[in-house]
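Engineer: Before we start, here is the structure in question, set down as structure tokens.
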Amino acid sequence: DAGVIQSPRHEVTEMGQEVTLRCKPISGHDYLFWYRQTMMRGLELLIYFNNNVPIDDSGMPEDRFSAKMPNASFSTLKIQPSEPRDSAVYFCASRPQGGNTEAFFGQGTRLTVV
Amino acid sequence: GNSVTQMEGPVTLSEEAFLTINCTYTATGYPSLFWYVQYPGEGLQLLLKATKADDKGSNKGFEATYRKETTSFHLEKGSVQVSDSAVYFCALSAYSGGGADGLTFGKGTHLIIQP
């Protein structure tokens, strides 16, 4: 398996624009997570899905953020409108069923909002 | 709620020095514990894990023992190398029977090894 695949790797956009980040989890994994990493706040869990259903979105910072998982092999994280404070590295991760299993991370998308 | 506390860096050591990065946690349920490593420009990679009390995880010369009595999972290595320079994250997953939780991470410790 190629691992968790995220696209794009880098995104530079202007304030106010819509940004869509994409993730393909590892085949067969039941859980998908979106994290945000910044120097100030470290690694934050934004939302996670189980079998394509959102389970906990309490980490989503505001209504400008939304995430979907239309099928088992694809998820998106959308920011609309984007703001400079959204600049961060966004990671997608997936894991199989079972509480003792680790999550596998993608390479991340570095988002810069100017 | 769940939380992980780890020593903040940067931690700077000379090559071949002994390394300890402290990690303590609070959790509900029955946590599994993990150490992840992040090299510059890359995603997080699992370094080692332990799933129950007194388990020892080990990989690439790194070790950590799950200590339930002290709620700790300290990372150690006997002789570090320049290539170990990275950011290290302690994390937990509390499986409470209703399903796996998202991993809760510490803030990360930046390790710098000087030749």
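The values are calculated or read from the model by the stated rules, or taken from the named source; none is laboratory data. Since we're looking at a predicted model, the values are computed, not measured. Here Cβ is always computed from backbone atoms with ideal geometry, including for glycine, and neighbour counts include all displayed protein chains.
Engineer: Name the single residue that is surrounded by the most Cβ atoms within 10 Å (Cβ to Cβ) among those in the range A:96-114 being within 15 Å of the chain's Cα centre (by Cα) and within 7 Å of chain B (Cβ to nearest Cβ).
Structural biologist: Only one residue fits best here, namely A:Ala103.
Engineer: Checking the conditions here, which among B:Ala53, B:Ala64 is within 19 Å of B:Met7 (Cβ to Cβ) and touching a strand residue (DSSP E or B) at 6+ places or on another chain (Cβ under 8 Å)? Spell out the reasoning first.
Structural biologist: Values: B:Ala53 fails: within 19 Å of B:Met7 (Cβ to Cβ).
Every option except B:Ala64 fails the conditions.
Engineer: So which residues in the range B:1-50 are in a loop (DSSP other than H, G, I, E, B) and either closer than 15 Å to B:Thr104 by Cα or in contact with a helix residue (DSSP H, G or I) (Cβ under 8 Å, 6 or more places away or on another chain) (or both)?
Structural biologist: Residues of the range B:1-50 that are in a loop (DSSP other than H, G, I, E, B), as a first pass: B:1-2, B:7-10, B:15-18, B:22, B:27-29, B:39-43.
Correct list: B:Gly1, B:Asn2, B:Glu15, B:Ala27, B:Thr28, B:Gly29.
Engineer: Condition (residue is within 28 Å of A:Asp57 (Cβ to Cβ) and at pLDDT below 95) applied to the range B:51-58: is it met by at least one residue?
Structural biologist: Looking for residues that are within 28 Å of A:Asp57 (Cβ to Cβ) and at pLDDT below 95, one finds at least one in the range B:51-58, hence yes.
Engineer: Would you call A:Ser82 small (Gly, Ala, Ser) and either within 14 Å of chain B (Cβ to nearest Cβ) or surrounded by fewer than 20 Cβ atoms within 10 Å (Cβ to Cβ) (or both)? Let's see the steps before the verdict.
Structural biologist: Values: small (Gly, Ala, Ser): yes; either within 14 Å of chain B (Cβ to nearest Cβ) or surrounded by fewer than 20 Cβ atoms within 10 Å (Cβ to Cβ) (or both): no.
It is false that A:Ser82 is small (Gly, Ala, Ser) and either within 14 Å of chain B (Cβ to nearest Cβ) or surrounded by fewer than 20 Cβ atoms within 10 Å (Cβ to Cβ) (or both).
Engineer: Would you confirm whether any residue within the range B:67-89 is closer than 21 Å to A:Glu44 by Cβ, modelled with pLDDT of 95 or more and surrounded by fewer than 22 Cβ atoms within 10 Å (Cβ to Cβ)?
Structural biologist: yes
Engineer: Just need a number here: residues in the range A:1-51 that are in a loop (DSSP other than H, G, I, E, B) and surrounded by fewer than 17 Cβ atoms within 10 Å (Cβ to Cβ). Even if it seems obvious, please write down each step before you answer.
Structural biologist: Within the range A:1-51, the first condition is being in a loop (DSSP other than H, G, I, E, B), and the residues that meet it are A:1-4, A:8-9, A:14-18, A:25-30, A:39-41, A:51.
Remaining after also requiring surrounded by fewer than 17 Cβ atoms within 10 Å (Cβ to Cβ): A:1-3, A:8-9, A:14-18, A:27-28, A:39-41, A:51.
Counting residues in the range A:1-51 that are in a loop (DSSP other than H, G, I, E, B) and surrounded by fewer than 17 Cβ atoms within 10 Å (Cβ to Cβ) gives 16.
Engineer: A further question on this structure: Just to be sure I understand the filter: pairs with C-beta atoms under 8 Å, separated by 6 or more residues or on different chains, first member in the range A:45-69 and facing chain B (nearest Cβ under 9 Å), second member among the polar types (S, T, N, Q). Which pairs pass?
Structural biologist: Taking only residues 6 or more apart or on different chains, the pairs are A:Leu45/B:Thr104.
Conditions tested, residue by residue: (1) under 25 Å from B:Gln38 (Cα atoms); (2) among the β-branched types (Val, Ile, Thr).
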residue	(1), (2)
A:Gln6	yes, no
A:Gln17	no, no
A:Asp30	yes, no
A:Leu43	yes, no
A:Tyr48	yes, no
A:Val53	no, yes
A:Gly59	yes, no
A:Glu62	no, no
A:Phe65	no, no
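Engineer: Take the range B:72-93 and flag every residue that is under 11 Å from B:Asn22 (Cα atoms) and part of a loop (DSSP other than H, G, I, E, B).
Structural biologist: Within the range B:72-93, the first condition is being under 11 Å from B:Asn22 (Cα atoms), and the residues that meet it are B:72-76, B:88-90.
Residues satisfying the conditions are B:Phe73, B:His74.
Engineer: State all residues of the range A:22-74 that are touching a Lys or Arg at 6+ places or on another chain (Cβ under 7 Å) and among the charged types (D, E, K, R); if no residue qualifies, say none.
Structural biologist: A:Glu44
Residues checked against (1) more than 10 Å from chain A (Cβ to nearest Cβ); (2) farther than 16 Å from B:Ala91 by Cβ; (3) of a type outside the set (A, V, I, L, M):
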position: B:Val37; (1), (2), (3): yes, no, no
position: B:Leu44; (1), (2), (3): no, no, no
position: B:Ala50; (1), (2), (3): no, no, no
position: B:Gly57; (1), (2), (3): yes, no, yes
position: B:Ser72; (1), (2), (3): yes, no, yes
